[in-house]
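Report on one structure; see the data block that follows.
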Amino acid sequence: MEAQIKGRLFRQLLVSKASADYESTIHFAGDMDDDGIPDLIIDTANHENVEAPTLYLSRQADQGQLLKVIGMHVIVGC
């Protein structure tokens, strides 16, 4: 992800997978923590029978980062 915030350019890798067989899908983009920077919910699952919605918030991000993983819920099918 790349964004310019208050004149400063930020670049951050949010999701990396060993296999290109499973895509990451953005389920939500919006400012959940009310700091003016978009937050995301991304499905970061790495298997076809799994969903892993992962919450990324900007307010808790470390110095020099855009977003930080705050939580994940792993859902496994039958």
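The values are calculated or read from the model by the stated rules, or taken from the named source; none is laboratory data. Everything quoted here is computed from the prediction, not taken from an experiment. Positions of Cβ are backbone-derived with ideal geometry, glycine not excepted, and every protein chain shown enters the neighbour counts. Accessible surface is based on the protein model in full, side chains and every heavy atom, while ligands, DNA and RNA are left aside. Shrake-Rupley method; radii C 1.70, N 1.55, O 1.52, S 1.80 Å.
Observations
- With bins 10 Å wide beginning at 0, the percent of Cα pairs of the chain falling in each bin runs 18, 47, 26, 8, 1.
- Sparse packing (at most 14 other Cβ atoms within 10 Å of the Cβ) combined with a DSSP loop state is found for the following GluC sites (Glu not before Pro) in the stretch 8-62: 23, 48.
- Each 10 Å bin from zero up to the one holding the largest Cα-Cα distance in the stretch 21-62 carries the following percent of pairs: 32, 42, 21, 5.
- Protein heavy-atom accessible surface, 1.4 Å probe, per residue over the chain: 70 Å².
- Portion, in percent, of the accessible area of the chain that falls on carbon or sulfur, probe 1.4 Å: 50
- Residue 68 accessible area, assembled protein chains, probe 1.4 Å, Å²: 80
- Magnitude of the charge dipole, the stretch 1-57, Cβ model with Lys/Arg +1 and Asp/Glu -1, debye to 20: 360
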